[in-house]
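Beneath this line is the structure, given in structure tokens, with notes to follow.
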Amino acid sequence: MVEYEKIRKIPYGGDYNPEQWPEETWEEDMRLLKLAHIDIVTLNVFSWAMLQSDDDVYHFEKLDKIMDLATRHGMKICLATSTGAHPAWMAKKHPDILRVTTNGMKRKFGFRHNSCPNSPAYQKYAVQLASKLADRYKSYDNIVAWHISNEYGGECYCENCENKFREWVKEKYKTIGEVNRVWNTAFWGHTFYDFDEIVAPSLLSEHLTDFQTAFQGISLDYRRFNSESILNAFRLEYDAIHAVTPDIPITTNLMGTYQPLDYRMWGKYMDFISWDNYPGADAPVEAAAMRHDLMRGLKQGKPFALMEQTPSVQNWQPFNTLKRPGVMRLWSYQAVAHGADTVMFFQMKRSVGACEKYHGAVIDHAGHENTRVFREVAALGDELDRLGDQTLGARSEAKAAIVFDWDNWWAVSYSSGPSVYLDYCREVQRYYKALFDLNIPVDMIGVEDDLSPYSLVIAPTLYMVKSGYDEKLRDYVKNGGRFLTTFFSGYVDEHDLVTVGGYPGKLRDILGIWVEETDALPKSGSNRFHYHEKTYPASMLCDLLHTNGAQALAFYEQDFYAGMPVLTKNSFGKGFGYYVATCSDNDFYRDYLYEICEEAGIKPLMDTPDGVEVTRRSNEKGSFLFILNHREDSYVASLPFAGTDLLTGKSYEEGDALTLEKKDVAILRLG
């Protein structure tokens, strides 16, 4: 959280739903939560139906009891607005609140996130409820944050949204002539003569599937519109709450690399970032690390809140593997290592029914403290008590950055080619993994962020180069920066219109190349190239490029384009532009980025084997080195710094050996 005057340690807790249980069980819940060192509860996440039974009929009696219960037991409160799921009566009385799917089907009441963000009824009732909650509970000094709705998402294609989309388009482009230009409607005779001729792109109009569209420009703009529509619903509640409790920070829980919503834009309107970390059972450890860094980057590196994770098991994966002993603690500290100032769970107590009754919880269906999960949660809570406020507010320090842009992601996904195997997120993660494996800190940045703090900026698959971004990159490189990009970069502008004159468009002078063709290889196919006495695969896409001032560093070895460059480096002003013309393997990315980082003066925090992660955060209390052993065996580190382990109290001199058992963590305060 950001209200440090109310918080003296890392807040530890999460979603608690006592309204789902008889009142006589609440005191026992509190005994167990206190025993587990839980000190914050998120309340009222899905209580709208309990709170409001008709247009102007509200019932706060049970929530009053819950608020008083948490307060009497010394709990901090993250108070939610309940607007993530509207009541059944509301859907019956105001059917415009129900969403319409991409195939034109109007939803009935059910599930959640079934509210149209542009429904006047939804906006009215959501804002009224948020305002009433803020006014009713404004005197509670243990409310440390407001939590609006829950895991916003989805899309709507109803008449309300279609009409609002026309207004959005008119405000953005002003004239119908400009609309026709940016959407290239001369193709297939789609020219519009009036704004009321525009329809939402869906399976009823331009789409074959969710990401196969005849007109990328139209579909891209509807993605933007949908993200902004849902953001507007958030902002309406935000304004209502802020007017009553201006000193309490407001958030909503994001979901990492969730594609439908442009979290970069959302970050501008949230007081602090919070997100829910639910990696798949087979996800590599760097996947969660990258998403932590991405969430931290939404607020220019400020700490974020880990709002949800499971203490043990998820229940919506194809197979729901238990977190092995020590993993919950390890992953909690991984979040802290990458910028989290909270450790929170969904959920405090398992429900007895519906679709999440088998999702993990601090209090299991057994109903007592004698479970493995409870013991692990309590042990971590005790440790966080002892850690106190040492790491609160600490910032990460990185000289390398990776660009991640939702507009670019949408445009790559909508592109009609060059390969069904091209996945923007996966391409970003390839480069992130290399730096992660090298223990080189990374900031995940957007196209609006300042580049000057970084010695190296990497923008994998920068397909879309928005107006002015090439100038920003040009100035950065001229002034001594190193910029690396890859195949399928520089093709289009922000409207998905091709920049003619040769790929990579406006980046050609920075990179000193031009790309003539791109070969898309089948999944089983590959080329290869040789670099520094090692041979690496070239797969998925292979650019056939010509140097125009750049130095060719490696060449394809097979097929008709054998001998053409695959790696280039261009001197531009005081800096350099690097181009990687193909997709390769982990060894290549690690070797190549190590070399570039060394040239740029970027040093690893420590040299460790695979599976041992090292990060660093700093605040006014000191600099903290996190060493996390994700391996299945113990690891002995030779420390490059002197420091004291905040978790054990043991002091080390430079060069001393530190032993970490499997899934163990050390946090060294350096100096």
Give me a count of the residues in the stretch 258-275 that are closer than 17 Å to residue 337 by Cα and open to solvent by 10 Å² or more (accessible area, probe 1.4 Å).
-> 0
Just give me the residues in the stretch 271-328 being among the hydroxyl-bearing types (Ser, Thr, Tyr) and more than 15 Å from the chain's Cα centre (by Cα), in sequence order.
-> 310, 312, 321
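Okay, residues lined up against (1) modelled with pLDDT under 95; (2) in contact with a Pro (Cβ under 8 Å, 6 or more places away or on another chain):
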{"site": "245", "(1), (2)": "no, no"}
{"site": "248", "(1), (2)": "no, no"}
{"site": "266", "(1), (2)": "no, no"}
{"site": "283", "(1), (2)": "yes, no"}
{"site": "288", "(1), (2)": "no, yes"}
{"site": "296", "(1), (2)": "no, yes"}
{"site": "302", "(1), (2)": "no, no"}
{"site": "325", "(1), (2)": "no, no"}
{"site": "336", "(1), (2)": "no, no"}
Which pairs have Cβ atoms under 6 Å, sit 6 or more apart or on different chains, and link a residue in the stretch 66-87 that is over 11 Å from residue 16 (Cβ atoms) to one that is surrounded by fewer than 19 Cβ atoms within 10 Å (Cβ to Cβ)?
-> 71/142; 76/142; 84/112; 85/46; 85/112; 87/49
Among 391, 371, which is crowded, with 16+ Cβ neighbours inside 10 Å and without any contact (Cβ under 8 Å) to a residue 12 or more places away in the chain?
-> 371
Could we say that residue 290 is more than 18 Å from residue 440 (Cα to Cα) and not β-branched (Val, Ile, Thr) here?
-> no
Tell me which residues, restricted to the stretch 619-640, are touching an Asp or Glu at 6+ places or on another chain (Cβ under 6 Å) and surrounded by 17 or more Cβ atoms within 10 Å (Cβ to Cβ).
-> 628, 629, 639
Across the stretch 207-235, what is the number of residues that are over 21 Å from residue 187 (Cβ atoms), open to solvent by 20 Å² or more (accessible area, probe 1.4 Å) and within 19 Å of the chain's Cα centre (by Cα)?
-> 1
Counting only residues that are aliphatic (A, V, I, L, M), open to solvent by less than 40 Å² (accessible area, probe 1.4 Å) and part of a strand (DSSP E or B), the stretch 479-507 contains a total of 2
Within the stretch 172-185, identify whether any single residue is within 20 Å of residue 233 (Cα to Cα), of a type in the set (D, E, K, R) and not in a loop (DSSP other than H, G, I, E, B), and answer yes or no.
-> yes
Criterion violated by residue 25 - all others in (1) among the hydroxyl-bearing types (Ser, Thr, Tyr); (2) within 32 Å of the chain's Cα centre (by Cα); (3) more than 24 Å from residue 81 (Cβ to Cβ) satisfied | (2)
What number of residues within the stretch 282-310 are out of contact with any Ser or Thr (no Cβ under 6 Å at 6 or more places or on another chain), in contact (Cβ under 8 Å) with a residue 60 or more places away in the chain and not in a loop (DSSP other than H, G, I, E, B)?
-> 10
Which one is nearest to residue 359 (Cα to Cα), of the residues in the stretch 246-257 that are assigned to a loop (DSSP other than H, G, I, E, B) and in contact with a strand residue (DSSP E or B) (Cβ under 9 Å, 6 or more places away or on another chain)?
-> 255
State all residues of the stretch 170-190 that are open to solvent by 60 Å² or more (accessible area, probe 1.4 Å) and of a type outside the set (A, V, I, L, M); if no residue qualifies, say none.
-> 170, 171, 172, 174, 175, 181, 184, 187, 188, 189
Residue that is closer than 27 Å to residue 14 by Cβ and either part of a helix (DSSP H, G or I) or under 30 Å from the mean Cα position of the chain (by Cα) (or both), where the choices are 157, 152, 140 = 152
State the number of residues belonging to the stretch 453-481 that are in contact with a strand residue (DSSP E or B) (Cβ under 6 Å, 6 or more places away or on another chain) and farther than 17 Å from residue 428 by Cα.
-> 5
Unmet criterion (only one of (1) touching a helix residue (DSSP H, G or I) at 6+ places or on another chain (Cβ under 9 Å); (2) under 25 Å from residue 293 (Cα atoms); (3) surrounded by fewer than 19 Cβ atoms within 10 Å (Cβ to Cβ)) for residue 573 = (2)
Among helices (runs of 4 or more DSSP H) lying entirely in the stretch 1-119, which contain 1 or more residues that are surrounded by fewer than 19 Cβ atoms within 10 Å (Cβ to Cβ) and among the basic types (Lys, Arg)?
-> 26-35, 61-72, 88-93
Confirm whether residue 228 is at negative phi and out of contact with any strand residue (DSSP E or B) (no Cβ under 9 Å at 6 or more places or on another chain).
-> yes
Residue match in the stretch 296-304 (condition: touching a His at 6+ places or on another chain (Cβ under 7 Å) and farther than 23 Å from residue 234 by Cα) = no
Which pairs do you get when a residue that is polar (S, T, N, Q) and open to solvent by 40 Å² or more (accessible area, probe 1.4 Å), found in the stretch 406-435, comes within reach of a residue that is at pLDDT below 95 and in a helix (DSSP H, G or I), reach meaning Cβ atoms under 6 angstrom, with the pair 6+ apart or on two chains?
-> none
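Of everything in the stretch 607-618 that's closer than 13 Å to residue 638 by Cβ and within 26 Å of the chain's Cα centre (by Cα), which residue is surrounded by the most Cβ atoms within 10 Å (Cβ to Cβ)?
Result: 614.
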With criteria (1) part of a loop (DSSP other than H, G, I, E, B); (2) open to solvent by less than 10 Å² (accessible area, probe 1.4 Å), residue 328 comes up short on (1)
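The values are calculated or read from the model by the stated rules, or taken from the named source; none is laboratory data. Just so we're clear, the structure is a prediction, and the values are computed from it rather than from any experiment. For neighbour counting, all protein chains shown are included, and Cβ atoms are generated from backbone atoms with ideal geometry for every residue, glycine included. Surface accessibility is based on the protein's heavy atoms, side chains included, excluding ligands, DNA and RNA. Shrake-Rupley method; radii C 1.70, N 1.55, O 1.52, S 1.80 Å.
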